[in-house]
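S.K.: Structure provided below as structure tokens; questions to follow.
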Amino acid sequence: MNIIPIGNENKLFCLQFNNSFKNDYDNFITVFEKIINYFNGTDLEDSAKKILLIIISDYDKEDNSVILTTEELTDFMNLIFNYLNKSYTNYNTDMI
């Protein structure tokens with residue numbers, strides 16, 4: 001997946017799924033649903049569900065992409081980084 005700024009002011013971004021990988025979009029949705037499950041019962045749960053709803057409802061099959069605003073992209077990236085940070089921290093804690 002690529003993140004591409006759109007326009008001169010960079011207020012919109014395109015999440016472009018990779019056409020060379022079969023089912024890239026479907027795989028992304030599956031992984032993002034796991035991220036939502038990870039945040040169940042936390043303050044990030046609503047944000048994760050909102051972003052998933054936007055991605056599913058605004059997905060353009062022809063272009064294999066979704067357009068996000070700066071705020072939506074920021075929320076999306078925060079979720080990903082929080083998930084990776086907590087997963088990495090939990091992994092390291094389990095190793096000790």
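S.K.: Looking at SER20, SER87, which is the one that is open to solvent by 70 Å² or more (accessible area, probe 1.4 Å), of a type outside the set (A, V, I, L, M) and at pLDDT below 90?
M.R.: Within the list SER20, SER87, the selection yields SER20.
S.K.: A follow-up question, please. Please determine, by comparing only the residues of segment 1-53 that are of a type in the set (Ser, Thr, Tyr) and in a loop (DSSP other than H, G, I, E, B), which one is farthest from LEU73 (Cα to Cα).
M.R.: Filtering first and then ranking leaves SER20.
S.K.: If you check every pair at least six apart or on different chains, which have Cβ atoms under 8 Å apart with a residue in segment 28-50 that is closer than 20 Å to ASN64 by Cα first and a residue that is open to solvent by less than 80 Å² (accessible area, probe 1.4 Å) and of a type in the set (Gly, Ala, Ser) second?
M.R.: Between residues of segment 28-50 that are closer than 20 Å to ASN64 by Cα and residues that are open to solvent by less than 80 Å² (accessible area, probe 1.4 Å) and of a type in the set (Gly, Ala, Ser), the close pairs are PHE32/ALA48.
The values are calculated or read from the model by the stated rules, or taken from the named source; none is laboratory data. Just so we're clear, the structure is a prediction, and the values are computed from it rather than from any experiment. Glycine gets a Cβ as well: all are built from the backbone with ideal geometry, and neighbour counts include every protein chain shown. Areas reflect the complete protein model, heavy atoms only, side chains present, ligands, DNA and RNA absent. Shrake-Rupley method; radii C 1.70, N 1.55, O 1.52, S 1.80 Å.
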